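Written below as structure tokens is the structure these notes are about.
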Amino acid sequence: MSTKTPNEDDILRPIRHTSKKYYVMLAVSAVVFTAFLGLWMIQLAEGMAVTGLSDWGSGGGVTWGLYIGAFIWWVGIAHGGIILSAAVRLLGMERYMPVARLAEMLTLAGLSAAGFYIIVHMGRPDRMVTSVLGHYHITVHNSPLVWDVTVITAYFVMTATYLALTLRYDVTRLRDQLPNHFEPLYKLLTIGYSKKEDEVIERMVWWLALAIIIMAPLLLHGGVIPWLFALLPSYPGWFGAIQGPQFLTIALTSAISGVIILSYAFRKAYDWGHIITDDIFRGLTLWLGFFAMLFLWLQLQQIVSGTFHSTTDHAYATEAKLSHPIYIGSIAIVAAVLIYIFAQTVRKSLFSKRRSIVAAVAVLAATLAEKVFFVVEGLMYPTFSLYEATPGAYWPSVIEFVSVLGTIGMVVLFFLLVAKVVPVVELHAVEHLRGGHGHDHEPEKATEEVEA
Amino acid sequence: MSVDDSVGDHTDDSPAHLDDWEIELRSALEGTEYDADLGVGLAKDAQRLATGELTEAQFRERYDDDVITNLENEDFFELLGAEDADLEIVDDLRAAGGTFLDGLNGVSGNSDTSRREVMKKMSAGAAFLGLGALTAADDGRDPQAAMAAQDDEGGNDTQFGMVIDLERCDGCLGCVEGCYEENNLRAGANWMYVLNYKDEENQRTAEDPGRLVRPCQHCSEAPCEQVCPTTARHTRPEDGLVLTDYDICIGCRYCQVGCPYGVNYFAWDPPRVDEEQHLEENNNHVYDNRDQRVDMRPPRGVMGKCTMCPSRQDGNMGEEAVGTVACMDACDQMGMSAIHFGDLNDPESRPNQYIRHRTAHSRGELEDLDEEGVEVYDDDDDGGVLPGPAPGDDDYDDVPEWLSSNIPSSETGVSTFRLLEEMDTKPNVIYLGDEPGPNAEQLSQEEVEEEAPGYTISYEQLNERSALAMTEPDDHEIVDDRKDVLDESTIGGGIGQ
Amino acid sequence: MNLATLSMLAWDASSYLLQWRYHGDGSVVSFPGPGTWIIFGVVLMPIYVMALAWFLGKPADPKKAVMGVVYLVGIAALLWIGMLVQTLMIGVTFF
């Protein structure tokens, strides 16, 4: 653990310094993202037949597959921002303040990736706005998909507003150290700023955080997204009230994993050991364990109720799930992560940041696989299962697989670019750490003078 | 396939219901010229019949033939001694009948009888009160009664739908072919699909398979329409057809996911004939009378499914095509007449006429055989296919007066069902024949060919017959493995099973 | 104009505006549906509460509250207009 005292220079480092590694990452992520854009254009030109999807029923396939699974996965990851903001702002867990903004940005990036998937998944994306918004006043009353569009928009807009409001404070104070070529942007960001507003904005942001925290986990990922599936009685693998909490726990495990990876990357790249401390990783890892436990607990509920004495169709779907290596594999991974995290709380020496990263990556892989499997399995084992002799099985095409890499590239690109424009660690966090409120480390030196 | 054994929507089985209707019925009848005691007594016995307390034979013993005939005629009022009924009394009776049916629903939960039997007896019970319409309004099950339920809402009075006689179907796949030709369907987009299955519960085996003819059910509570984020999937108000506006659909495929029957077929890739040419050649056929593009195969990226031929209904395809659908025409041409399309709300429509003829026919046989105690279906010469009047037959349009009454289905000997009724989609396709149970398993064409040769023709044979498939085999081959067709365009992956 | 005429007019106007449509069985679809209360009654509740708190809470500054609303509306508009442009470009290029 570092004993350096954080200062403004630290949080400005990503803006001021550009390493060779930065350019390499920029190039790689841009290439991957562009590769997917290219493949997507092939899909646009040749139709959705380039995917591995087909019609369920006599079409012998599944209607929705990896695109929809990955869409859910990204929305889940986007929840990282909420958890951290809630922890910091509403629950007073200030130790997580240094990673809160990164997490909020992950929300925007994750939701953008999810939104991108909605468009990629459509047969006629050109009508997405005209057809959906044009009939919104009719469809919102009945279509769960329109509810999703509504709530994801609200979530995105609220998080962006949250970031924009909190950035006013930082950008004003750091303005002189920020690069001049973004001047118009900084002017726009801080328009009408006065010192008096800090207190008011602080209060507004608190309410905003409260609103997002109720809406995003409970009503988005524990609400309208699972309802896309859970409200359809003809799919025993989907139907039922448990999908709300189940989706939420999966979202939270992937969200924490996303934040762990992101924080580690920034810490390593910008030598932020004294800002994003080991303590933060320990805490995040513990939360990952807690959410993983809830995830497994709800899976258990489903397995027990699906096997004990369930209806024919439900029993059939559960049996299919339990005999599939992808399901078993993802559950096993999450269970292994849970065991590790439990072990490292008992025996502290088992903890290492590297192991946390491995756990986080493993969980993200498992949740992606589980989500895609959930979507596919539901469609493969409907109540009306008369079509089972129709030949066909689903395996994602190259384009679908690359879409995952492409959206990851897109998110990485987003961070590489945003980190060049605004500080990704809140000035408040530095002030807080400098103020000596750190948890298990005391600053060695007294407050440093701020460089002019 | 039903997994839900509950009966109806009513869970309140308080016996109070049974008393309520009696009081209501009596007070409705008293003070009029009707015989209240006879009315209430009859209704009570009808109820006992439904609960199994009273056997049909006992019931028949209790009332003489005249009474029974009158009951069958639904002529409740005449029976009770009145010449004609005034409307208020009818309303009161209907109110009484509502609680009567509630009572029956509650009671049935306690008996050992199967769900379908209870339903049949319920409609029998309702018929005794002249309440056929209420059974339909109550659960939408009784096809004959459905026609009487029209106009109550003051809205549309046409509901297109089908009666499909599964016992007449011989697996010629004429309907599938007709649909392809009519709509220029792409390979594997089987808007009309015929499945063969084995099902232990129905004694259906690979040697003697069951069959299901599956068009879109054009549900009155269409889940596909409800979930659609754009209103592209909609119900035409004038005739209840569930259609897709190809110019609005965004191709999210939620309708396909929302549909419990699997009747939707997405246009995964661009058709070989380009859009402009298609629209030019088929201008009358792709747009309906509202000028919405809802008919024929969809363009790339949007959803298609069985339309029940709206441009035919609108007269765009000529006067003689109004009231017909391509699959029905094909079925008639093949001499099978298993598909009967028309307005389910019109008592004189083809499906309603057919169902009356069909039930009357088998009822006649039932009466003949009843005395000998012989079951009617097993020893039929025609491989289980019961003869029924076909459109060409002399007596097809000749509906005897007594046939227009609500014949209790318990006496018809023909079971009718609608698919997945427990999903509450209110489908508008009524099947005659056996319903596939929850454990029914589809048989592949190979299995059928092997175990029951001749039971159905193969897709290969169908393609040799189909003009469309012969001219453009790549695009319009009739197949049941659409996944394989689509996999040809899949870029990397998409491995078959 | 009597009440019946008025209510008929209101019905016509609302069915035109809200595009009520008919089910095959004569009942009306679309409005109100489950989404009417789930979305506007429950899901958006946090936003209503937040907006109220912005304007009514202390220390008060109505200008900042209005600014917050402008942020929300502006970002939403930006998001959807951006998407409109993107989808129209897709339309021109590929459809």
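The values are calculated or read from the model by the stated rules, or taken from the named source; none is laboratory data. All values derive from a computational prediction rather than experimental measurement. Neighbour counts run over all protein chains shown; Cβ positions are idealised from the backbone, glycine included. Surface areas here come from the heavy atoms of the whole protein model, side chains and all, with no ligands, DNA or RNA. Shrake-Rupley method; radii C 1.70, N 1.55, O 1.52, S 1.80 Å.
As a test of the definition: with a 1.4 Å probe, what buried accessible area, both sides summed, do you compute for C against A, in Å² to the nearest 100?
Values: alone 8260 and 20800 Å², together 24900 Å².
Separately minus together, C and A give about 4200 Å² buried.
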For peptide B:240-252, what's the mean number of Cβ atoms from other chains within 10 Å of each residue's Cβ? 5
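Highest mean first, how do A:272-283, B:221-232, A:362-373 rank when packing is the count of other Cβ atoms within 10 Å averaged over residues?
Values: A:272-283: 20.3, B:221-232: 25.2, A:362-373: 22.8.
Output ranking for A:272-283, B:221-232, A:362-373: B:221-232, A:362-373, A:272-283.
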Give the Rg/Rh ratio for chain A, taking Rg as the radius of gyration of the Cα atoms and Rh as the Kirkwood radius, to two decimals. 0.98
With contacts defined as alpha carbon pairs under 8 Å and 6 or more residues apart, what's the relative contact order of chain A in percent? 34
In chain A, lysine pairs with alpha-carbon atoms under 16 angstrom apart (chain gap of 8 or more, or interchain): 9
Comparing the chain by itself with all protein chains present, which residues of the range C:62-81 are at least 40 Å² less accessible (probe 1.4 Å)? C:Lys64, C:Met67, C:Tyr71, C:Leu72, C:Ile75, C:Leu79, C:Trp80
With each label point set 7 Å from Cα along the Cα-Cβ vector, what nm distance links A:Phe308 and B:Asp424? 2.5
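Is there a quick way to get the dipole size of the range A:207-347? I mean about its Cα centre, with the Cβ of Lys and Arg at +1 and of Asp and Glu at -1; what is the value in debye to the nearest 20?
On the way: 5 positive and 5 negative charges, 38 e Å.
That gives the range A:207-347 a dipole magnitude of about 180 debye.
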Considering only C-alpha atoms, what is the centroid distance from the range A:57-135 to the range A:220-264, in Å? 11
